[in-house]
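Written below as structure tokens is the structure these notes are about.
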Amino acid sequence: MKNWLTYSLLFITLISCSSEENSEENAYVPIPFQLEIPPLFEEKLIDPIIPVTNKLTVEGVALGKRLFFDNILSVNNTKACASCHSPQHAFADPSQFSVGVTNIEGTRNSMPLFNLAWNFDDRYFWDGHALGLENQALEPVVDANELGNDSWQPIEAKLNNHPEYPQLFKQAFGSSTITKTLVTKAIAQFERTLISGNSKFDKFSNGEVALTPQEQNGLDVFMDETRGDCFHCHGNPNNPLWTDNKFHNNGLDATFSDLGFGLVTGNPNDNGKFKSPSLRNLAYTAPFMHDGRFATLDQVIEHYSTGLQASSTIDPLMKKVAQGGVNLSEQDKADLKAFLLTLSDPSFLNNQAFLPE
Amino acid sequence: MKKTIALLLLLAITFSCNEDMDDNTTLSASVNFKFTHNWNNTPINSANLDTETVTNANGEVINMIRFRYLTSKFKLTNTAGDTYSFDGFKFTDLAQDDSYNFIPDINGIPSGTYTLSFIWGFNEEDNIDGAYPTLNSASWNWPEMLGGGYHFLQFDGMYNVDTPNPSPFNFHNGTARVTDGLFEQNFATIVLDTPIIITNEATIEVKMNIAELFTNPNTWDLNVLDTPLMPNYDAQKMMQENILSVFSIGEITQ
């Protein structure tokens, strides 16, 4: 009996607490956002990484998208993230080197943005120097050649004085005081929704379409240790990310003007290593490699076939370096290309959820 | 006051329980496995994997770059012949210290004297193409054209690094292809005879001497067999033989 009383009291207290909160204006609770994970990813891969400190919400994702496309983040209101990460190019940039507010070229090719929540080591940029997507997003805003601000302070001020943003932040994060931490959280939420999993090859994996004989032979070249041997770094039909997200030297140069991963780890054995890019959406992401040196896929394939450069850190998987490369036949090169193009996903470019309103 | 009494009672119960268990000879001890790696007694770990220069039995001087392997079906057998099996598999990446230990989910065995056995790679029953998300996510798959399933070992490095012409080797082990479309299982059952006396929560050290991969019974000549080895039936079978002498029992801490 006594217990019963205690429980009822407790219950009443709880109810009264929650109704009190509801009546308060600032207690808007954002709606959890359900990621649409392709069934193939669900089946083959471990769960995407969503930090507990930045769960996805409908309001947070929408706010992140608006910020991603908004020139307000640049020093002179001329550039946005999307200026160098264009949806029509799977969020990469067709120029070899992107230009920011200064119109001065950077030194690396912009990277496409998709399936970032499955980058399990959570290292970003070609050299992996940023840990976590939230941290990554801190940089472009204050990079002199990108969005060009001296610090985050003027951006925070601009956003706080904006007629709409404070309300949107309040809905997404419960606070109308806009800080760089909240800005990067929102952007990272949006970036984690950029999922590409609907290529011809995905449909083939799901048993919906067949590959042509050329594409099938191209897959065999890709998977065959005696021919292309691409799969040790770039995924395989059971790893639909089509990358290992690890750092390798794939034999581009004999000496390095950009030390890449070595600059980050301080280990000279890592010099000249860069993150393996995903081979999804290559139809839209030219030019290729960290410095955008190859304009076409044919050039990339020729690199692996005959163009390898030896160096002290070249990956041992570039095993035919002494012969210049894997020396594919003309037929195998053409078929490999046909296969690679089956990994492109046109529905990713036209997904309304990823385009500015 | 009431609380204090309750606490005291709880303490008393806990202690008495402990005592009970101490008297009890069929105490359930949990066991963990800790893998250590060496090259003929030189410890190899994430700190020196890519800096150590080593020499194999055939005399080639080697730099190691990448070393990952798979073991499964851990089993302890006591002197009475009772076996205790541990679920799960162990995927070890020498570049990642946190992959060296294997803490089985379901755990707890009676104290006693045991020997350890486990499977190198996956046996046929477990080696199911694409079935393990953690391994797929690590791109650990073995190509379908070679029988599918998973790699057992990926050992990449350079040999003849003491000459002007170092060459790469890709010492990869998995299912063996006899001919197109015909495959032969290639796992190995590792049985370690050293008695392991378990009285309490125990950590069993399993030592891996990497040099043995190139030693016994087949003295490996990298100049002949460097790459590609995955589709090479004879190379795959020689690896299966050599793996048997790679592991041994180290220290038992409890």
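The values are calculated or read from the model by the stated rules, or taken from the named source; none is laboratory data. Model, not experiment: these values are computed from the prediction. Please note: Cβ atoms are built from the backbone with ideal geometry, for glycine as well, and neighbour counts cover all protein chains shown.
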Response to the item:
Here the residues within region A:38-50 that are surrounded by 15 or more Cβ atoms within 10 Å (Cβ to Cβ) and in contact (Cβ under 8 Å) with a residue 60 or more places away in the chain are A:P38, A:L40, A:F41, A:K44, A:L45, A:I46, A:P48, A:I49, A:I50
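Scan region A:212-222 and give yes if some residue there is over 20 Å from B:G157 (Cα atoms) and among the aromatic types (F, W, Y), otherwise no.
Yes, because at least one residue in region A:212-222 is over 20 Å from B:G157 (Cα atoms) and among the aromatic types (F, W, Y).
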Worksheet item: From the residues in region B:160-182 that are touching a Pro at 6+ places or on another chain (Cβ under 7 Å) and surrounded by fewer than 23 Cβ atoms within 10 Å (Cβ to Cβ), which one is nearest to B:Y132 (Cα to Cα)?
Response: B:R177
Worksheet item: Out of region A:174-205, which residues are among the hydrophobic types (A, V, I, L, M, F, W, C) and without any contact (Cβ under 8 Å) to a residue 60 or more places away in the chain?
Response: A:I178, A:L182
Practice prompt. Being closer than 29 Å to B:W39 by Cβ, outside any strand (DSSP E or B) and more than 8 Å from every other protein chain (Cβ to nearest Cβ) is the filter here, so list the residues in region B:147-184 that pass it.
Written response: B:G149, B:H151, B:F152, B:N160, B:V161, B:D162, B:T163, B:P164, B:P166, B:G174, B:T175
Item to complete: Starting from residues that are within 21 Å of A:G324 (Cα to Cα) and among the polar types (S, T, N, Q), keep the ones in region B:155-211 and report whichever is modelled with the lowest pLDDT.
Response: B:N165
Worksheet item: Which ones in region A:51-61 are among the aliphatic types (A, V, I, L, M), in a helix (DSSP H, G or I) and in contact (Cβ under 8 Å) with a residue 24 or more places away in the chain?
Response: A:V58, A:V61
Item to complete: Report yes if some residue within region B:54-74 is within 19 Å of the chain's Cα centre (by Cα) and not in a strand (DSSP E or B); otherwise report no.
Response: no
Worksheet item: Are any of the residues in region A:70-85 of a type in the set (V, I, T), surrounded by fewer than 17 Cβ atoms within 10 Å (Cβ to Cβ) and either part of a helix (DSSP H, G or I) or out of contact with any strand residue (DSSP E or B) (no Cβ under 6 Å at 6 or more places or on another chain) (or both)?
Response: yes
Discussion item. Which of the numbered conditions does A:T296 fail, given that it passes all the others? Conditions: (1) over 16 Å from A:W126 (Cβ atoms); (2) within 14 Å of chain B (Cβ to nearest Cβ); (3) without any contact (Cβ under 8 Å) to a residue 12 or more places away in the chain; (4) of a type in the set (S, T, N, Q).
Written reply: (2)
Discussion item. Every residue in region A:320-332 that is more than 14 Å from chain B (Cβ to nearest Cβ) and either of a type in the set (S, T, Y) or out of contact with any Gly (no Cβ under 9 Å at 6 or more places or on another chain) (or both), please.
Written reply: A:S329, A:E330, A:Q331
Fill in: Residue that is modelled with the lowest pLDDT [pool: residues in region A:114-149 that are within 21 Å of A:M289 (Cβ to Cβ) and of a type in the set (S, T, N, Q)]
A:N145
Response to the item:
Restricting attention to region B:112-138, the residues that are over 18 Å from the mean Cα position of the chain (by Cα) and within 11 Å of chain A (Cβ to nearest Cβ) number exactly 7
Item to complete: Select the helices (runs of 4 or more DSSP H) contained entirely in region A:159-243, then report the ones holding at least 1 residues which are out of contact with any Lys or Arg (no Cβ under 6 Å at 6 or more places or on another chain) and within 14 Å of chain B (Cβ to nearest Cβ).
Response: A:200-205, A:213-223, A:231-234
Practice prompt. Please name all residue pairs, on different chains or six or more residues apart, with Cβ atoms under 8 Å, provided the first residue is in region A:235-250 and is closer than 15 Å to A:L40 by Cβ and the second residue is among the aromatic types (F, W, Y) and assigned to a loop (DSSP other than H, G, I, E, B).
Written response: A:G235/A:W242
Practice prompt. Would you check if A:F256 is buried (at least 22 other Cβ atoms within 10 Å of the Cβ) and modelled with pLDDT of 95 or more?
Written response: no
Fill in: Options A:K319, A:K275: the member that is in contact (Cβ under 8 Å) with a residue 40 or more places away in the chain, more than 27 Å from A:L131 (Cα to Cα) and in contact with a strand residue (DSSP E or B) (Cβ under 8 Å, 6 or more places away or on another chain)
A:K319
Worksheet, complete the sentence: Only unsatisfied item for B:Y150, checking (1) within 24 Å of B:L49 (Cα to Cα); (2) buried (at least 21 other Cβ atoms within 10 Å of the Cβ); (3) free of Cβ contacts under 8 Å to residues at least 40 places away in the same chain, is (3)
Discussion item. Every residue in region B:207-224 that is of a type in the set (A, V, I, L, M) and in contact (Cβ under 8 Å) with a residue 12 or more places away in the chain, please.
Written reply: B:M208, B:I210, B:A211, B:L213, B:L222
